[in-house]
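A short worksheet on the structure shown next.
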Ligand SMILES: NC(=O)c1ccc[n+]([C@@H]2O[C@H](COP(=O)([O-])OP(=O)(O)OC[C@H]3O[C@@H](n4cnc5c(N)ncnc54)[C@H](OP(=O)(O)O)[C@@H]3O)[C@@H](O)[C@H]2O)c1
């Protein structure tokens, strides 16, 4: 994949064999929930840009689904700028952005003793990553008639029932929810719907064994990515139902 970008089986075998013209981009999509979100969106007829921080992983996963691939490390200003440029050149707009990539479910830490370097590192991917990417892609989202931004969050970031533990992860998701609220308010007049979604406890590398199937977790995300124009904005949902902030 030259320069970290490229296409895999471009246009040759879209999963659903029908293209509804919607252009969707998903971060952290080489495995787990992101990969399955790409599969489900492609099955709905979206033109999907599957991104991953490894060019090889992006290409391999995109090849399997018959979607397009781009290398994107959400912590890299250079990657973000290149992807925005590439999406502009290929499509001239973006309809759906799914900020899915995340790290550091730090079950080994407590807030009272947490290593703040770990907290900062998590925020770089889980908070500043989606924030910088959404800013960079905003001109392309504004060019869409039906733009949707989905920030994949977690009920761990709900203040209402919050206890202790997983401090790096939890703080990053609380702040991501704040970003959802601010972007939703600032983009309401533009008709861009911005929501946080919890996929539930899902059996992925992050979630571990015992969680629900990845198909179900991804469907929770796809719901917010495919809202009608009169759908909600500035909300926090799981499986289409509101969660308390
Ligand atoms: N699984 C659960 O039970 C659960 C529950 C609530 C919320 N969530 C949320 O759901 C989302 C997906 O979780 P998951 O369970 O699918 O996690 P996962 O299996 O650990 O996958 C995480 C993905 O993020 C990518 N990633 C990490 N850092 C990145 C970066 N800097 N730039 C781009 N991509 C990066 C990883 O890429 P590499 O392969 O290169 O590492 C991987 O593709 C996350 O936002 C998570 O917080 C999950």
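Taking Rh as the Kirkwood radius computed over C-alpha pairs, what is the Stokes-Einstein D of the chain at 10 °C in a medium of viscosity 1.306 mPa s, expressed in µm² per second?
Answer, rounded: 90 µm²/s.
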* Structure fact -> Ranked by GNM mean-square fluctuation in the chain (Cα springs under 10 Å), the top entry among 164, 45, 191 is 164
* **Antiparallel bridges, percent of DSSP beta bridges restricted to the range 2-242 (to nearest 5)** => 15
* Calculate, in nm to one decimal, what residue 120 and residue 76 gain on full extension: separation in residues at 0.36 nm each, minus their alpha carbon distance. => 14.3 nm
* Structure fact -> Heads up, the range 128-242 by the C-alpha gyration tensor (a ≥ b ≥ c square roots of eigenvalues; a/c under 1.5 rounded, else a/b over b/c prolate, else oblate) looks prolate
* Helix 32-43 vs. the chain, principal-axis angle (Cα, 0 to 90°, nearest 10) -> 30
* Asked: Which value in nm describes the separation of the simple spin-label points at residue 64 and residue 112, placed 7 Å from the Cα toward the beta carbon?
  -> 4.3
* Asked: Taking Cα atoms, how many degrees apart are the long axis of helix 128-142 and the longest axis of the chain, rounded to 10 and kept between 0 and 90?
  -> 40
* Candidates 199, 139, 167, ranked by Gaussian network fluctuation over the chain, Cα under 10 Å, top entry -> 139
* Asked: Any idea how far the Cα center of the range 66-125 sits from the one of the range 172-245, in Å?
  -> 16
* Structure fact -> Per residue, the convex hull enclosing the Cα atoms of the range 63-145 spans a volume in Å³ of 123
* Asked: Going by alpha carbons, how many degrees (0 to 90, nearest 10) lie between the helix axis of 55-65 and the longest principal axis of the chain?
  -> 70
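Every read-out reported here was derived from the displayed coordinates using simple, explicitly stated rules and does not represent laboratory data. All figures in this text were calculated on a predicted structure; none of them were measured in a lab. For neighbour counting, all protein chains shown are included, and Cβ atoms are generated from backbone atoms with ideal geometry for every residue, glycine included.
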